[in-house]
């Protein structure tokens with residue numbers, strides 16, 4: 001049941017780790033033009049990205065290019081290091097939704113490891129992904145991709 005939806009999502013997951021020059025054309029083949037990508041949180045890639053242009057510019061563009069994460073130094077992921085994903089679950093739910101849990105192995109251009117854990121709930125309609133809800137550690141985005149630093153509370157001066 002829902003094997004077609006799982007195949008669409010598996011194709012997308014496979015594309016994520018491919019050559020960057022070919023990835024976007026592949027994404028257009030599996031993503032609806034008006035797809036919605038939701039990332040909760042307060043990072044510079046958080047929010048509802050509506051449509052392929054916004055997803056490419058406001059999400060992927062900031063992850064891989066220098067973007068405007070307002071960090072203090074080199075920003076983005078290191079394209080020479082690449083992105084490796086380990087999928088732990090890819091399960092059909094109901095109503096054309098697919099649950100994916102996975103972890104990443106990548107590196108920021110600043111040298112900080114980008115090891116994140118994801119939970120995606122992806123809606124597939126008519127052979128295309130129409131919505132992706134992503135839960136992950138947005139602090140990992142901030143430190144590896146946007147060169148920000150976490151200051152532990154015990155290091156902060158009491159006021």
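Data overview
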| item | result |
| --- | --- |
| Filtered residues of segment 82-95 (kept if at pLDDT below 90 and either in contact with a strand residue (DSSP E or B) (Cβ under 6 Å, 6 or more places away or on another chain) or in a strand (DSSP E or B) (or both)) | 83 |
| Qualifying residue in segment 150-157 (condition: surrounded by 14 or more Cβ atoms within 10 Å (Cβ to Cβ), more than 17 Å from residue 45 (Cβ to Cβ) and over 13 Å from the mean Cα position of the chain (by Cα)) | no |
| Failed criterion for residue 104 (all others in (1) surrounded by 15 or more Cβ atoms within 10 Å (Cβ to Cβ); (2) touching a helix residue (DSSP H, G or I) at 6+ places or on another chain (Cβ under 9 Å); (3) more than 23 Å from residue 80 (Cα to Cα) hold) | (3) |
| Of all residues making up segment 117-148, the number that are touching a helix residue (DSSP H, G or I) at 6+ places or on another chain (Cβ under 7 Å) and surrounded by fewer than 18 Cβ atoms within 10 Å (Cβ to Cβ) | 2 |
| Positions within segment 124-159 being at pLDDT below 85 and part of a helix (DSSP H, G or I), in sequence order | 153, 154, 155 |
| Residues located in segment 107-116, provided they are in a strand (DSSP E or B) and touching a helix residue (DSSP H, G or I) at 6+ places or on another chain (Cβ under 6 Å) | 108, 114 |
| Boolean, residue 77 is touching a strand residue (DSSP E or B) at 6+ places or on another chain (Cβ under 9 Å), closer than 16 Å to residue 14 by Cα, crowded, with 19+ Cβ neighbours inside 10 Å and modelled with pLDDT under 95 | no |
| Unique residue being under 21 Å from residue 40 (Cβ atoms), out of contact with any strand residue (DSSP E or B) (no Cβ under 6 Å at 6 or more places or on another chain) and either at pLDDT below 85 or exposed (fewer than 14 other Cβ atoms within 10 Å of the Cβ) (or both) when the list is 111, 71 | 71 |
| Residue that is modelled with the lowest pLDDT, among those in segment 41-58 that are within 16 Å of residue 139 (Cβ to Cβ) and within 12 Å of the chain's Cα centre (by Cα) | 45 |
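The values are calculated or read from the model by the stated rules, or taken from the named source; none is laboratory data. These numbers were taken from a predicted model, which means no experiment stands behind them. Every residue, glycine as well, gets a Cβ built from its backbone with ideal geometry; the counts of neighbours run over all protein chains shown.
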